[in-house]
Amino acid sequence: MENVTAPKRTRRGFLGVLIMLGSLAASYGTAAAYVLGFVYPKRRDILRQRVYVTDLATLKREGQKTFRDAQGREAVLIEASDGLRAISTTCTHLGCRSLWQAEHNTFHCPCHDATFDADGNVVSGPPPRPLNRYEVVQQGEAIFVIMEV
Ligand code: FES
């Protein structure tokens, strides 16, 4: 008859297995959390913020007011023939700076000779879409622009 001894089960061995299983669970859990965060990213809430730009008297005196949006892009507040507009000056073709031409009630991009109307819509030239617009809020004499941050 063969003398086979069963492995000795000790308290130290049991604790070692327990620690190893706990460590595996912690590391796989962390990896799973990162993978899930990558596959299902948290939705970033878009906050709308009202930003003071100028007052009506200053706008009438100067004709336009240049400001920067929350991302630092330049935009201009204008008084078109039918109301106030806040429009990005970044051309939607290749990103050149378009200029407001009050005498023509249009924006002009000098890079490829594009023209946009006072609402930012493309009138001529290669831009694929209108200039970005911002909502304008007038409260008494103060003029605000609504920006997404
Ligand atoms: S960048 Fe404005 S028309 Fe090309």
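The values are calculated or read from the model by the stated rules, or taken from the named source; none is laboratory data. Model, not experiment: these values are computed from the prediction. FYI the Cβ positions are ideal-geometry reconstructions off the backbone, even for glycines, and counts take in every protein chain you see. For the accessible areas, the whole protein counts, side chains as well, though only heavy atoms, and no ligand, DNA or RNA atoms are used. Shrake-Rupley method; radii C 1.70, N 1.55, O 1.52, S 1.80 Å.
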Check your understanding: Rounded to the nearest 500 deg cm²/dmol, what is the calculated helix-only ellipticity per residue at 222 nm for the chain, with -39500 (n - 2.57) per DSSP H run of length n ≥ 4?
Key -> -8000 deg cm²/dmol
Point to revise | Model label zone, Val39; criterion: amide N under 17 Å from point 7 Å along Cα-to-beta-carbon; scope region 11-29 | key: 28-29
Point to revise | Cut-off 15 Å (backbone N to label point 7 Å along Cα→Cβ of Val137), residues of region 43-72 | key: 47-54
Study note, to complete from the structure: Val17 and Tyr52 label points (each 7 Å along its Cα→Cβ direction) are spaced in nm at 7.1 nm
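Hey, any idea what % of region 48-148's accessible area is carbon plus sulfur with a 1.4 Å probe?
46 percent
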Exercise for review: Compute the convex hull volume of the Cα atoms of the chain, divide it by the residue count, and report the result per residue in Å³ as a whole number.
Suggested key: 200 Å³
Review point. Assigning unit charges at the beta carbon (Lys, Arg +1; Asp, Glu -1) and nothing else, what dipole magnitude in debye, to the nearest 20, does the chain show about its Cα centre?
Key: 1360 debye
